[in-house]
1. Show the residues, 5+ positions off or on another chain, whose built amide H is closer than 5 Å to the amide H of Ile93.
2. Could you tell me what percent of the accessible area of the chain is made up of carbon and sulfur, with a 1.4 Å probe and every protein chain present?
3. Kindly write out, for region 278-295 in residue order, the coupling ³J(HN,Hα) from the Karplus curve 6.51 cos²θ - 1.76 cosθ + 1.60 (θ = phi - 60°), rounded to whole Hz, with x marking Gly and Pro.
4. Enumerate the amide H contacts of Trp41 below 5 Å, restricted to partners 5 or more residues apart or on another chain; note that Pro and chain-start residues carry no placed amide H.
5. Can you tell me how much longer the chain between Leu143 and Trp102 gets when fully stretched, taken as 0.36 nm per residue apart minus their C-alpha distance, in nm with one decimal?
6. Under a plain spin-label model, where a point goes 7 Å from the Cα along Cα-to-Cβ, how far apart in nm are Thr313 and Arg266?
7. Given points 7 Å out from each Cα along the Cα-Cβ axis, report the Asp45 to Thr88 separation in nanometres with one decimal.
8. Taking only DSSP H segments of four or more residues, each worth -39500 (n - 2.57), what value at 222 nm results for the chain once the sum is divided by all its residues, to the nearest 500 deg cm²/dmol?
Amino acid sequence: MPQSRQVQNELIDTELIAIPGTGLRVSRVALGTWAMGGWMWGGTDEREATATIIAALDQGITLIDTAPAYGFGLSEEIVGRAVATAGTRQHAIIATKVGLDWHDGKVYRNASRDRILREAEDSLRRLRTDHIDIYQVHWPDPLVPIWETAEAMLTLYQQGKIRAIGVSNFSVSQMQQFRQIAPLHVLQAPYNLFERSIEMEILPYCRQHGIVTFGYGALCRGLLSGRIQSDTTFPEGDLRRLDPKFQPPRIGQYLKAMQQLDQLVRTDFHRRVIQLAVRWMLDQGIDVALWGARHPAQLFPELGVNGWSLDKTAMARIDRILRETITDPIGPEFMAPPQRVPE
Ligand code: NAP
């Protein structure tokens, strides 16, 4: 159900969605704060990051997604500070994650009970809060049985330290095992116009079981923003230097798709490709789109996501453009962190 808000002299309808079994209602467009942590995004500007979070909350975005691994605590600290500064803790819904560890700047999976219980306390402190609204296991850990991870999450839930349980990057079979031990309210997975593998099994499973879906990488790491050209360069430490989609000759295919999609949405809907990317996800049936931004101005196009929708004909034309332009597709697997070396 939409909620109307006065934004920059305009009345904008913010789409909201309820998370079954939790009492939480979140905006369908959420702010992702990975890039704000700097790690894998070539550094951060904390003042800009704080201003972006405050702008998002002003704009009607109520859900902020972060993680300890984003800048080794820095992203969570920025979120905690911004929400406290804006005095909006009771309106902001904070989603963070658990189950990764780091040594010497390298990140590893660790979803053991000890790690989860310790990490929850660290996140509460960094976020300056007494509860986390949505707590998500960041990646499955092949060295820890899923029942152990689920039991630790259940403990935190029963203690009232977390209000909803989520997992991220889990398969259907991993979710099935998890749900034998603990309730599962949210799944977070990669999803955007160029990365659609969850349509096969994961989205139908979540729909069937009332698990709310968060799609990450809504703009495919900026590729769908309209800003990226074949000669765009990225700073040292920016993951897009490694992302196989951003390397020639493949980048040419993705940019061609992006240009044709932009043409379609300009002509038929008077919007731009950045707005199409997010509208498309929501109309495809993902519940929440995670939009990564680190400057307040990067969020202004989000207002153009509301108040229109894609019909079946437009959806079919989009599918045809993707099929005809991207002949050598590749997924986001390069981002998966390694497991620990067994002791
Ligand atoms: P994204 O949303 O696809 O892209 C973010 C990037 O797009 C920004 O850093 C910015 O890059 C660019 N951008 C954003 N708005 C723009 C605008 N108006 N104009 C031009 N460029 C714009 O990617 P993401 O940050 O990877 O994903 C979103 C969120 O999902 C993350 O922040 C995180 O919360 C979550 N996530 C979760 C996982 C997981 O494993 N669970 C993995 C990845 C992401 P530049 O300014 O640098 O160009």
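1. For Ile93, the qualifying residues are Leu63, Ile64.
2. Details: 7370 of 14800 Å².
Roughly 50 percent of what the probe reaches on the chain is carbon or sulfur.
3. Each residue of region 278-295 in turn: 7, 4, 4, 4, 5, 6, 6, x, 6, 7, 9, 9, 8, 9, x, 8, 9, 10 Hz.
4. Those qualifying (amide H under 5 Å, at least 5 residues apart or on another chain) are Leu239.
5. This chain segment gains 13.2 nm when fully extended.
6. Roughly 2.1 nm, to one decimal.
7. Taking the two extended label points, one gets 2.0 nm.
8. On the way: 10 runs with 118 residues, N = 343.
My calculation for the chain gives -10500 deg cm²/dmol from helical runs alone.
The values are calculated or read from the model by the stated rules, or taken from the named source; none is laboratory data. Source: prediction; values computed, not measured. Here Cβ is always computed from backbone atoms with ideal geometry, including for glycine, and neighbour counts include all displayed protein chains. We work out accessible area using only protein heavy atoms, side chains counted, and drop any ligands, DNA or RNA first. Shrake-Rupley method; radii C 1.70, N 1.55, O 1.52, S 1.80 Å.
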